[in-house]
Amino acid sequence: MAIFTARLERAVVRVLQGRGPAPPKDGPAAQAAAHGVTVALILSRYSDDEDVLIAGLLLDALQDPTAAEALEREFGPRVVGMIRGVAEPLRELPWGTRTARYLRRLSSTPNPSLLVASADVIATLIALIGAREAPGGEGGLRFGGPIEEQLRLARGVYEAVRGSWPRCPLLPELRKRLEEAERKLLRRP
């Protein structure tokens, strides 16, 4: 399969449009768009499955509860199923409850969704490291919790994926990025 298709282009356009008619220029919407593109780029190194790449691009799309039906019509039930497999539980729940539910769910998530979950964590770790190294310290990035909790979640995803799919091709990169993040973000030697 060609790495770039018309269907994949539609997914890129959807991500860049964010929630409004114009592409996001700055702030959280731009960071979310960049995150989806980064996830898809990471996935493209390990998979040529168009549905996996689209799920990576759109992994945050289901935060809008009205989006599932439209996404299914446009990209199919497999893409939506993969996104649901890695979608965060309700944001109203406390961080610890959300992450515990998410990690439990990963233990029974199909392999394509585990690819997306792994790439999502790798992209988040890259962004966290980049934000720390940017002038000004945190670079304005806002994630779900303190660095220690983000790293604990990343470690939990690594362990869940390793337990469910020990031969997941992203595991070595996920482990490497996690170790780098722990070293740089927690200032470990």
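The values are calculated or read from the model by the stated rules, or taken from the named source; none is laboratory data. Being a predicted model, the structure only gives us computed values, none of them experimental. Neighbour counts are summed over all protein chains in view; Cβ atoms, including those assigned to glycine, are modelled from backbone coordinates with ideal geometry.
Details
- Output for segment 18-68, where each listed residue is small (Gly, Ala, Ser), under 22 Å from Gly81 (Cβ atoms) and at pLDDT below 85: Ala32, Ala61, Ala67
- The single residue among Leu62, Leu93, Leu57 that is surrounded by 20 or more Cβ atoms within 10 Å (Cβ to Cβ) and either of a type outside the set (Asp, Glu) or under 21 Å from Leu170 (Cβ atoms) (or both) turns out to be Leu57.
- Of the candidates Val12, Val86, the single residue that is at pLDDT 85 or above and surrounded by 15 or more Cβ atoms within 10 Å (Cβ to Cβ) is Val86.
- Residue within segment 115-133 that is modelled with pLDDT of 95 or more and over 18 Å from Gly36 (Cα atoms) present: no
- Of all residues making up segment 62-87, the number that are under 19 Å from Ile122 (Cβ atoms) and either of a type in the set (Gly, Ala, Ser) or in contact with a strand residue (DSSP E or B) (Cβ under 8 Å, 6 or more places away or on another chain) (or both): 2
- Matching residues, segment 160-179, being without any contact (Cβ under 8 Å) to a residue 24 or more places away in the chain and among the acidic types (Asp, Glu): Glu179
- Residue within segment 92-106 that is modelled with pLDDT under 90, touching a Ser or Thr at 6+ places or on another chain (Cβ under 8 Å) and of a type in the set (Val, Ile, Thr) present: no
- Pro77 over 12 Å from Ser113 (Cα atoms), of a type outside the set (S, T, N, Q), at pLDDT 95 or above and surrounded by fewer than 16 Cβ atoms within 10 Å (Cβ to Cβ): yes
- Meets criteria (of a type in the set (Ser, Thr, Tyr), surrounded by 22 or more Cβ atoms within 10 Å (Cβ to Cβ) and within 13 Å of the chain's Cα centre (by Cα)) for Thr38: no
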